[in-house]
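The structure appears right after this line, and notes come after that.
What follows is calculated from the coordinates using simple rules that are stated; it is not laboratory data. It should be emphasised that the depicted structure is a prediction, and the values quoted were computed from it without experimental measurement. We place every Cβ from the backbone using ideal geometry, glycine too, and count neighbours over all the protein chains shown.
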Amino acid sequence: MTKKQTAVTAAYCETCDVWIYSCAQHHFNSCPKGCISIDGGLSYTKLCFKDNPPKTKRFIIDASAQELYDDWNNRKNVFGRIVNPK
């Protein structure tokens, strides 16, 4: 079975050195230290930050939109962070 890929918008936290993204419309995701947060999943992008606005970038995730939603809905938290992207 071939996995589908999904494009997500991610925000970069310089303090934590991690990209974060929201998996579902109401998935409010924060970096480890809470410096930045992102919300909206594939529907919209809402950013919250303490100091300067974070950089954003589109990434292709090796998961379907349904897998991302299920990850959030079932509180698995497998997805939502990108560390050391290629």
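The alpha carbon centroids of the range 28-60 and the range 9-27 are separated by 4 Å. Packing, taken as the mean count of other beta carbons within 10 Å per residue, orders the peptides 31-44, 14-27, 72-85 from highest to lowest as 14-27, 31-44, 72-85. Based on DSSP H segments of at least four residues, each scored -39500 (n - 2.57), the chain has a per-residue ellipticity at 222 nm of -3000 deg cm²/dmol.
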